[in-house]
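Here, each number is a calculation from the coordinates, and none is a lab measurement. As the structure is a computational prediction, the values presented were derived from the model and not from experiment.
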Amino acid sequence: MLRAGLYARVSTNDQQTLAMQNRTMREYTARRGWIIATLQELEHLGVGFVSMTEALDLTTPAGRAMAGLLAIFAEFEREILRERTRAGLAHARQNGKRLGRPATAAVHTTEIRKLHRAGVSKSEIARRVRIGRTSVRRILGAKL
């Protein structure tokens, strides 16, 4: 059985690609019957890592130090992004912006209760109002 070392790179233009790259690589190696190894495992086995396009050579002390620094800066960038996102959400809340999924079923509460009192089944109510039966049951089960 062959072993594979996977390397994914995050572009500064599109920060959302890392998970997709990892999933694609893991699926590929699984189809091929390969075992995925981390860089530490590969190093333990005497395998070095060199990236020609990123000019990164983890077989040298300077290369390992550079990789460590890159990891530190990547974590720093993630933390800054997290802080900015939290600050943006807090600002939106302070300005009265409602966050989260828009209310869909709740806007039909009056109509749902009226139809239910008229003897219409929950399934039929869901069809008429064009929402899920679970939403109808939840609304009818809620206290007034």
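Things to note:
- Relative contact order [Cα under 8 Å, 6+ residues apart], the chain, whole percent: 12
- Value of [θ]222 nm, deg cm²/dmol, for the chain, DSSP H segments ≥ 4, -39500 (n - 2.57) each, nearest 500: -18500 deg cm²/dmol
- Using the alpha carbons alone, the radius of gyration of the chain stands to its Kirkwood radius in an Rg to Rh ratio of 1.26.
- Euclidean distance of C-alpha centroids, the stretch 116-144 and the stretch 35-65, integer Å: 59
- Two-decimal log10 I(q)/I(0) for the stretch 50-100, as the Debye equation yields it once each C-alpha is a single scatterer, q = 0.13, 0.22 Å⁻¹: -0.51, -0.79
- Stretchable slack from Val107 to Ala92, in nm (0.36 nm times residue separation minus alpha-carbon distance): 3.1 nm
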